[in-house]
Amino acid sequence: MSYVVLARKWRPQRFEDLVGQEHVARTLSNAIRAGRVAHAFLFTGVRGVGKTTSARILAKALNCMGDPDGEPATGPTPTPCLKCAACREITAGTDMDVREIDGASYNGVDEVRRLQDTLPYRPTRDRFKIFVVDEVQMLSQSAWNAFLKTLEEPPPHVKFIFATTEVHKVPVTILSRVQRFDFKLISARSIADRLREVLEREKIQSDESALTIIAREAAGSMRDAMSLLDQVIAWNSEALAGEDVASVLGVASRQAMHDLGAALVGGNAAGCLALIGALAEQGRDIGHIARQLLELLRDLVVCKICDKPGSLIDLPDDEREKLEKLAKERDTNDVVRLYHGFSQSFDDVVRSGQPRAALEMLLVRLAQRPALVPLDDLVVRLSALERRLAGGAGSGGARDPGGGGPGRQPREARGRARESRPSPAGRAGEEPSGDEPPGAPPEPAPRTTAPLAAVPAPESREAAVVEAPAVTETPGAEYGERLETLASVLEKLRATRPELAAFLEHAVPLSVTGDALVLGFSPGFDFARQLCERASLEALERAGRERFGRVVKITLRFDCKDCTGFPTLSSLNNQERQKRKREATLVARGHPRIAEAEEILGARLKELRLEQD
């Protein structure tokens with residue numbers, strides 16, 4: 001007698017033997033018990049999940065005649081006896097009243113017509129005449145049309161069972177006339193349990209690693225799993241070990257994948273390269289290794305997120321414990337970033353002409369990933385930087401007494417740089433003043449704008465950027481009134497040029513008289529060039545005319561050392577903003593909702609932003 005493969009030898013014979021399709025088995029069993037068996041069924045799902053097997057079991061359940069040694073059956077039963085002539089012939093595929101038709105070769109309208117001609121005749125022996133059409137999606141459109149009336153009102157002794165892997169090719173008019181059952185992929189754990197049962201009956205020893213590799217390679221198909229089991233048994237029919245199974249199937253062992261995952265998570269780039277090199281020397285498929293590693297990273301994320309991940313990952317207990325231990329050592333964001341980065345480049349590895357090099361460089365890049373910085377810390381740093389820029393860009397009090405600041409050289413360094421340049425007096429042929437100590441750096445030249453010097457200004461424009469003489473009257477008790485006057489001018493300017501108004505908020509009002517306004521800026525003001533543009537000066541002139549009702553001469557002084565230590569509109573606004581934020585924070589801390597959130601969630605109020613911010 002010829003050898004029978006395991007997929008046929010251990011094919012399920014009853015509904016309770018079906019693995020992974022409990023929803024189908026229960027529905028059909030209950031329908032038979034209740035006497036509500038439909039006239040047509042459609043079984044759909046991927047290959048090897050039990051569609052044709054379920055069709056044979058249903059045929060036996062409908063036609064079982066009962067145990068020959070016992071009482072004969074009076075009707076369909078959900079538990080066929082497997083001993084009567086009907087059960088034995090259906091199992092062997094020789095029953096005259098149960099026909100299994102291949103839809104690929106029986107797809108024409110003429111074949112359907114010949115089938116219809118036999119429908120009015122009663123079954124030869126069984127209760128029902130059953131037609132099992134496999135790969136029914138191969139029927140032509142004319143054949144489907146010929147089936148329509150027959151499927152809608154068949155004779156009471158006729159049952160149709162259609163099986164397909166491509167249900168989207170079945171016409172909607174057919175789907176509305178049948179009961180559809182979707183067969184799902186079988187979990188790796190269920191496949192491993194079934195393989196263990198088969199090996200026990202075959203009296204072959206095996207370890208968990210071997211069963212896990214075969215179950216995962218089957219990709220949800222029980223028939224594929226049985227075929228792979230036949231292959232590895234042919235290599236060694238006495239005992240199956242994980243390393244041997246991986247070698248026969250040409251895949252990486254589970255231990256190698258766990259070592260690779262641990263090296264990647266731990267940032268060991270050299271270890272990743274060594275493991276990939278060892279697997280490549282063994283002839284392992286690089287694309288398959290990448291796919292296995294992607295599944296392992298997914299399982300690692302599940303172990304990190306879920307307290308009880310057993311129902312979400314198809315792994316033996318020992319492998320799951322290894323992943324859980326590895327997940328505990330890393331941060332959640334880190335493992336999620338690893339999976340996201342690997343999945344984005346997975347297609348590049350599979351499609352690459354040099355998959356090994358592509359996978360190696362991907363692993364090196366991920367292993368050398370920089371440490372994550374909490375987002376809250378970045379927000380705090382940005383907020384601190386914004387406050388420093390807002391409060392110190394124009395206020396001398398916010399600057400370093402030595403003239404230093406973010407991105408600027410110390411005053412001594414700037415002084416040495418100025419010593420290397422000729423002083424203004426030297427350029428004009430004058431002798432330096434004797435009041436300056438020897439070696440002291442000369443005063444920097446006032447900032448001017450060359451284009452303005454080359455273009456004559458209109459007679460009506462009095463605003464200018466000049467090297468104004470030293471102001472004898474320094475800010476004093478009336479400084480608040482000067483700030484109010486400057487604020488009123490900027491209010492006019494803000495309507496047309498809000499960015500200029502923001503720049504001028506850093507100015508110090510040195511002098512405010514009936515026909516002149518002198519504004520000073522601390523040394524190194526960053527926006528001097530923008531203020532010196534012709535359009536900016538004209539806009540400032542118009543704002544002054546609107547405020548005072550007459551032409552006012554506005555003088556801008558840059559590199560003004562007299563401005564040091566006096567508050568500006570910008571610094572005052574920043575102080576007011578900080579004061580309001582502190583007050584709002586105190587109010588928020590006393591709010592009952594926030595107090596309740598802190599108590600329930602264990603949270604804390606870290607930062608508060610005002611609406612206008």
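List of remarks:
- Being of a type in the set (A, V, I, L, M), open to solvent by 70 Å² or more (accessible area, probe 1.4 Å), more than 14 Å from residue 519 (Cβ to Cβ) and modelled with pLDDT of 80 or more holds for only one residue in 495, 470, and it is 495.
- The listed residue being of a type in the set (A, V, I, L, M) and closer than 18 Å to residue 507 by Cα, out of 584, 588, 539: 539
- Of all residue pairs spaced 6 or more apart or on separate chains, those with beta-carbon atoms under 8 Å, a first member in the range 44-70 that is farther than 16 Å from residue 18 by Cβ and a second member that is open to solvent by 10 Å² or more (accessible area, probe 1.4 Å) and in a strand (DSSP E or B) are 62/159; 63/98.
- Under the condition of being farther than 15 Å from residue 134 by Cα and among the charged types (D, E, K, R), the residues counted in the range 40-83 number 5.
- Test: residue 555 is surrounded by 17 or more Cβ atoms within 10 Å (Cβ to Cβ), hydroxyl-bearing (Ser, Thr, Tyr) and over 54 Å from the mean Cα position of the chain (by Cα): yes
- In this structure, residue 452 does not qualify as at pLDDT 80 or above and not in a loop (DSSP other than H, G, I, E, B).
- For first residues located in the range 362-381 and open to solvent by 70 Å² or more (accessible area, probe 1.4 Å), partners that are modelled with pLDDT of 80 or more and lie 6+ apart or on another chain with Cβ distances below 6 Å form the pairs 368/269; 372/333.
- Selection count, the range 533-552, where residues are open to solvent by 10 Å² or more (accessible area, probe 1.4 Å), over 15 Å from residue 517 (Cα atoms) and free of Cβ contacts under 8 Å to residues at least 40 places away in the same chain: 1
- Here residue 74 meets each of (1) in contact with a Ser or Thr (Cβ under 9 Å, 6 or more places away or on another chain); (2) under 18 Å from residue 126 (Cα atoms) with one exception, condition (1).
- Counted residues, the range 558-596 - those being free of Cβ contacts under 8 Å to residues at least 12 places away in the same chain, open to solvent by less than 90 Å² (accessible area, probe 1.4 Å) and of a type in the set (A, V, I, L, M, F, W, C): 2
- In a residue-by-residue description of the range 282-291, the property of being of a type in the set (D, E, K, R), at pLDDT below 85 and more than 20 Å from residue 369 (Cβ to Cβ) applies to no position.
- Output for the range 254-278, where each listed residue is surrounded by 22 or more Cβ atoms within 10 Å (Cβ to Cβ) and either part of a loop (DSSP other than H, G, I, E, B) or at pLDDT below 90 (or both): 254
- No other residue among 251, 167, 198, 178 is in contact with a Ser or Thr (Cβ under 6 Å, 6 or more places away or on another chain), among the β-branched types (Val, Ile, Thr) and touching a residue at least 40 places away in the same chain (Cβ under 8 Å) apart from 167.
- Boolean, residue 33 is more than 11 Å from residue 181 (Cβ to Cβ), touching a strand residue (DSSP E or B) at 6+ places or on another chain (Cβ under 8 Å) and among the basic types (Lys, Arg): no
This table checks each residue for (1) touching a His at 6+ places or on another chain (Cβ under 9 Å); (2) open to solvent by less than 30 Å² (accessible area, probe 1.4 Å); (3) among the polar types (S, T, N, Q); (4) in a helix (DSSP H, G or I).
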{"site": "180", "(1), (2), (3), (4)": "no, no, no, no"}
{"site": "184", "(1), (2), (3), (4)": "yes, no, no, no"}
{"site": "193", "(1), (2), (3), (4)": "no, no, no, yes"}
{"site": "198", "(1), (2), (3), (4)": "no, yes, no, yes"}
{"site": "214", "(1), (2), (3), (4)": "no, yes, no, yes"}
{"site": "226", "(1), (2), (3), (4)": "no, yes, no, yes"}
{"site": "232", "(1), (2), (3), (4)": "no, yes, no, yes"}
{"site": "244", "(1), (2), (3), (4)": "no, no, no, yes"}
{"site": "247", "(1), (2), (3), (4)": "no, no, yes, yes"}
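- Top-ranked residue in the range 130-174 [being basic (Lys, Arg) and closer than 21 Å to residue 108 by Cβ; ranked as least open to solvent (accessible area, probe 1.4 Å)]: 169
- Residue count for the range 90-124, restricted to those that are open to solvent by 80 Å² or more (accessible area, probe 1.4 Å) and touching a residue at least 24 places away in the same chain (Cβ under 8 Å): 7.
- Residue within the range 81-89 that is part of a loop (DSSP other than H, G, I, E, B), at positive phi, touching a helix residue (DSSP H, G or I) at 6+ places or on another chain (Cβ under 9 Å) and open to solvent by 10 Å² or more (accessible area, probe 1.4 Å) present: yes
- Of all residues in the range 30-40, none are small (Gly, Ala, Ser) and in contact with a Ser or Thr (Cβ under 6 Å, 6 or more places away or on another chain).
- Scope the range 298-352; condition surrounded by 13 or more Cβ atoms within 10 Å (Cβ to Cβ), assigned to a helix (DSSP H, G or I) and among the β-branched types (Val, Ile, Thr); matching residues: 301, 302, 305, 335, 336, 349, 350
- Restricted to the range 38-54, and to residues there that are open to solvent by less than 20 Å² (accessible area, probe 1.4 Å) and hydroxyl-bearing (Ser, Thr, Tyr), the residue that is farthest from residue 178 (Cα to Cα) is 53.
- In the range 280-289, the residues that are within 11 Å of residue 257 (Cβ to Cβ) and either open to solvent by less than 10 Å² (accessible area, probe 1.4 Å) or in a loop (DSSP other than H, G, I, E, B) (or both): 284, 289
- On inspection, residue 608 passes the criterion of being free of Cβ contacts under 8 Å to residues at least 40 places away in the same chain and in contact with a helix residue (DSSP H, G or I) (Cβ under 9 Å, 6 or more places away or on another chain).
- Applying the criterion of being open to solvent by 20 Å² or more (accessible area, probe 1.4 Å) and among the polar types (S, T, N, Q) to the residues of the range 55-80, the residue that is nearest to the chain's Cα centre (by Cα) is 79.
The values are calculated or read from the model by the stated rules, or taken from the named source; none is laboratory data. Model, not experiment: these values are computed from the prediction. Neighbour counts run over all protein chains shown; Cβ positions are idealised from the backbone, glycine included. Keep in mind that these areas ignore ligands, DNA and RNA; they rest on the heavy atoms of the full protein, side chains included. Shrake-Rupley method; radii C 1.70, N 1.55, O 1.52, S 1.80 Å.
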